[in-house]
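The values are calculated or read from the model by the stated rules, or taken from the named source; none is laboratory data. Worth saying up front: this structure is predicted, and the values here are computed from it rather than measured. Counting neighbours? That spans all protein chains shown, and the Cβs are built from the backbone with ideal geometry, glycine included. SASA here: full protein model, heavy atoms, side chains in, ligands and nucleic acids out. Shrake-Rupley method; radii C 1.70, N 1.55, O 1.52, S 1.80 Å.
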2 protein chains.
Amino acid sequence: MTEPSAPIAVPAGLPSAGSLPSTPAVLVDLDIARRNIRRLQDYADTHGLKLRPHIKTHKLPDMARLQLAAGAVGITCQKISEAEAMLEGAPEIADLLITYNIVGTSKLDRLKALARRVRLSVVADSAAVVDGLSAAFADAPAPLAVLVECDTGAHRCGVATPAEANRLAHRIAASPGLVFGGLMTYPPAGGEARVEAFMGAAKALIEAEGLAVAVISSGGTPTMMDAAHAPVTTEYRAGTYIYNDRSLVARGACAWEDCALTVLATVVSVPAPGRAIIDAGSKTLTSDLLGLTGYGHVLGRPDIVIDQLSEEHGRLVSEDAIGFAVGDTVRIVPNHACVVTNMVDAVHVVQDAEPRIAPWPVAARGRIV
Amino acid sequence: MTEPSAPIAVPAGLPSAGSLPSTPAVLVDLDIARRNIRRLQDYADTHGLKLRPHIKTHKLPDMARLQLAAGAVGITCQKISEAEAMLEGAPEIADLLITYNIVGTSKLDRLKALARRVRLSVVADSAAVVDGLSAAFADAPAPLAVLVECDTGAHRCGVATPAEANRLAHRIAASPGLVFGGLMTYPPAGGEARVEAFMGAAKALIEAEGLAVAVISSGGTPTMMDAAHAPVTTEYRAGTYIYNDRSLVARGACAWEDCALTVLATVVSVPAPGRAIIDAGSKTLTSDLLGLTGYGHVLGRPDIVIDQLSEEHGRLVSEDAIGFAVGDTVRIVPNHACVVTNMVDAVHVVQDAEPRIAPWPVAARGRIV
């Protein structure tokens, strides 16, 4: 696996270190992001899949615009407040799926307000959620499309069997204010065969009783290039692919040079020959491990392990001499890009065509409701 | 260990669930926080220790006010931008210690601006940091107090030996624009004996060469009630004690009823008899484990393990029936309170004397620079 050569302080295309933001800072290379968008869209186009990117990774209306311009059919959000932030920043977004059980009066009211602004669909995995949606939308000007969430092995949300999916699909279809929108799953990585089996069986049951399954939505970046191995899928949701991260390099889904998001940090202490401390801790890199050892990859220094994070300190250790001086800068590919963009008010966007770094406020940061 | 009885939806003192914020939300019980402040201040007063609370836990000017009113001598911040936010919100703060190596021109400029507004001290653990501070403050109206950070076993920052502390103390004293302010350490939990040995030896060396050691600052909530076991200490820094968390209950430092901060979450799915999914994931509870199993404690339900977090989903599992329905609310004591307040724009403050929940914007949230 190739990677840019030893410690990179200044991203390519920048005139000098003088224009770098104060550290720690999250940098996004827009050229790489554009290339990542193109790559997955091309795959989807080749295999007749519709692409509906998940905005959880970037949380940025302008990145959603790039994804839609490349050919995406709409966007995916997890929470209502994320959807609100995206529509606020990019009102031209026309089609939005919220892959979450919406529960409770105040959220249902906000969902109704969203439905007046965009072609909206949501998911449900229980009669309780369906009944809440129906009560809210019974008097709405247009029915809400509801997909049945199916558990194809991730054991998070979702109905457990095709028979349950069938029952819930018909309950949706029979509920005032709702239309049955199809099937949705968040599969385990490499779960294409299970997606094909579960969704195929559910679709057959549902259609045998006279109800069309318009959409079968699957997702996940790690095995996105195998999405076509579950040909029952009509739409695909992926988020992390736009930036990539260390977890995806570790899975072989991309290379270091495909990682658009890096954390720029400064060495503040070199207290021992094999140890350096940087000014990025868990409040920047987060404690997400995703099964990996260490909290990120220092570009150009595969010998280094980030073995410990405090909130504002990252500890870099090496069996060799660490070779840094106080004031040196490093760039780190984090384990998990999505959670890193949630830690900062702005990411700093670089591109070859622009000689300066542009701060992009992270519009949907902290939108957890 | 006692704890409030089975699932608590509404904190004590609130009139009804109707006034609860949309979930997930971070609740802070102000009565418990006040009691926690009083408890540590009483300990410090009894043992002749000055208390300098770390604001990293609450990030709130109004909480700092409560700590100062109770008798704290000043506050501790980790980053310059945190100090700026605290002074912006509570300009009456008179004494502020930044326990961080400040490196680089732009940060040194901001440090000089801070020094004009407050009695300021910082730390250093290398000649490089000291020389940078001196270059910045050589022309300042008043000298900057710099404490030597010492590594008493946490192996993060800090000089490694009392002899090195002595050398750096004298370098500070000889540097234009600086005065030697004393010694500081972030000890390992239970490291009182090492603090006493290291700091005692360093103080003896430094004073033998004619330089006074005005302050010896140690810290950490887990063993704060043993701070007096290192009698060389003159000042103590603690942060988490104001809210407490699951990690501190696990260490025996407090009980569940001393936990002022909880995460209010809603059950959105009960897909299997022993499993429920809540709307709080790693974007609220964070992935911090602090050596524990699971991502938090569901109040009143010691049988439940929060065994998996996605960004917006928390998975609750139990060997017994989980016993929740969609729409139920739970309160969770997170593993680590400090990082949770960094995830939200506001915490929701409850107190017995007030019948409503008040949102307090987290002034220093995301202040990582």
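Per residue, what accessible area does chain B have, given a 1.4 Å probe and all protein chains present, in Å²?
34
Considering only C-alpha atoms, what is the centroid distance from the range A:330-349 to the range B:20-76, in Å?
Result: 31 Å between the Cα centres.
Quick check: pseudo-label points 7 Å beyond the Cα along Cα→Cβ at A:GLU92 and B:ALA228, how many nm apart are they?
6.9
Work out the mean other chain Cβ neighbour count within 10 Å for the residues of B:151-161 and drop it here as an integer.
4
Among A:VAL350, B:ALA202, B:LEU299, which residue has its Cα furthest toward the positive end of the charge dipole of the protein assembly as shown, with +1 on Lys/Arg Cβ and -1 on Asp/Glu Cβ?
It is A:VAL350.
Normalised by the residues of the range B:31-242, what does the relative contact order come to in percent, with Cα pairs under 8 Å and at least six apart?
About 20 percent, as a whole number.
Starting from the Cα of A:ALA255, step 7 Å along the direction of its Cβ; do the same at A:THR293; then give the gap between the two resulting points in nm.
2.5
Multiplying the sequence separation of B:HIS155 and B:ASP31 by 0.36 nm and subtracting their Cα-Cα distance, what value in nm do you get? Let's see the in-between values first.
On the way: separation 124, 0.36 × 124 = 44.64 nm, distance 3.63 nm.
Roughly 41.0 nm would be gained on extension.
Based on DSSP H runs of at least 4 residues, each adding -39500 (n - 2.57), what is the mean residue ellipticity at 222 nm of chain A after dividing by all its residues, to the nearest 500 deg cm²/dmol?
-8000 deg cm²/dmol
If we hang a label 7 Å off Cα along the beta carbon direction at A:PRO355, how far is it from the matching labels on the other copies, in nm, shortest first?
Label-point separations across copies, in nm and ascending: 6.5.
Given H placed on each backbone N at 1.01 Å, which residues far from B:ALA346 in sequence or on other chains put an amide H within less than 5 Å of it?
B:VAL362
May I ask you to list the GluC sites (Glu not before Pro) in the range A:146-251 that are in a DSSP loop and have at most 14 other Cβ atoms within 10 Å of their Cβ?
Details: sites: A:GLU149, A:GLU164, A:GLU192, A:GLU196, A:GLU207, A:GLU209, A:GLU235; in loops: A:GLU209.
Hits after loop and neighbour filter: A:GLU209.
If I fit a long axis through the Cα atoms of helix A:127-137 and take the longest principal axis of the Cα atoms of chain A, what angle between them do I get, 0 to 90°, rounded to 10?
Orientation of helix A:127-137: about 80 degrees from the principal axis.
Hey, how many Å between the Cα centroid of the range A:250-292 and the Cα centroid of the range A:130-201?
Between the Cα centre of the range A:250-292 and that of the range A:130-201, the gap is 39 Å.
As I understand it, the dipole of the range B:31-242 uses +1 on the Cβ of Lys and Arg and -1 on the Cβ of Asp and Glu, about the Cα centre. Which of B:SER106, B:GLY191, B:PRO141 lies farthest toward its positive end?
Of the candidates, B:SER106 comes out farthest on the positive side.
Rank these residues by their accessible area, most exposed first, probe 1.4 Å: B:ASP345, A:ASP139, A:ASP328. Spell out each step's value before the answer.
Working: B:ASP345 90, A:ASP139 115, A:ASP328 55 Å².
Sorted descending by solvent-accessible area, the residues read A:ASP139, B:ASP345, A:ASP328.
Taking a label point 7 Å from Cα toward Cβ, how far is A:LEU289 from its twins in the other copies, in nm, shortest first?
0.3
Multiply the residue separation of B:THR105 and B:ALA321 by 0.36 nm, subtract the distance between their alpha-carbon atoms, and state the gained length in nm to one decimal.
Here the segment from B:THR105 to B:ALA321 would lengthen by 71.9 nm.
Using a 7 Å offset from Cα along the direction of the beta-carbon, what are the separations from B:PRO21 to the same position in each other copy, nm, ascending?
Result, one decimal in nm: 2.4.
Work out how far the C-alpha atoms of the range A:65-191 reach from end to end along every principal axis, then list the three figures in whole Å, largest first.
Dimensions of the range A:65-191 along the principal axes of its Cα atoms: 41, 39, 22 Å.
For chain B, what is the number of Lys pairs with C-alpha distance below 23 angstrom, counting only pairs 8 or more positions apart or on separate chains?
So the count works out to 14.
Suppose we consider the axis relating copy B to copy A; can you name the residue of B with the nearest Cβ and state that distance in angstrom as an integer?
Looking at chain B's Cβ atoms against the axis toward A, the nearest is B:SER287, 2.
Return the value, in Å² to the nearest 100, of accessible area buried between chains B and A (probe 1.4 Å, both sides summed).
Between B and A, the summed buried area is about 4400 Å².
How large a share of the accessible area of chain A, in percent, is made up of carbon and sulfur atoms when the probe is 1.4 Å and the other protein chains stay in place?
Carbon and sulfur together cover 54 percent of it.
Quick check: from the Cα gyration tensor, does the range A:31-242 come out rounded (a/c under 1.5), prolate or oblate?
Numbers: a/c = 1.93, a/b = 1.13, b/c = 1.70.
In terms of gyration-tensor shape, oblate.
In debye, nearest 20, what is the charge dipole magnitude of the protein assembly as shown about its Cα centre with +1 on Lys and Arg Cβ and -1 on Asp and Glu Cβ, if you could check?
860
Using the alpha-carbon atoms, what tilt in degrees (0 to 90, nearest 10) does helix A:30-46 show relative to the longest principal axis of chain A?
The helix A:30-46 is inclined about 30 degrees to chain A.
Normalising by the residue count of chain A, find the relative contact order in percent from Cα pairs under 8 Å and 6+ residues apart.
Relative contact order for chain A comes out at 23 percent.
Could you give me the ³J(HN,Hα) list for the range B:243-254, computed from phi with Karplus coefficients 6.51, -1.76, 1.60 and θ = phi - 60°, whole Hz, x at Gly and Pro?
10, 6, 6, 4, 5, 6, 5, 4, 7, x, 7, 6
Work the Kirkwood hydrodynamic radius out for chain B: mean of 1/r over every pair of different alpha-carbon atoms, inverted, in Å.
Result for chain B, one decimal place: 21.6 Å.
Give me the residues in the range B:300-316 whose solvent-accessible area, probe 1.4 Å, is reduced by at least 50 Å² once all protein chains are included instead of the chain isolated.
B:GLU311, B:GLU312, B:HIS313
Under 1.5 on a/c is rounded, so check that first for the protein assembly as shown, then, if it is not, pick prolate when a/b is larger than b/c and oblate when it is not; a ≥ b ≥ c are the square roots of the alpha carbon gyration tensor eigenvalues.
prolate
Pairs of Cα atoms under 8 Å, at least six residues apart: use those to get the relative contact order of the range A:230-369, whole percent.
24
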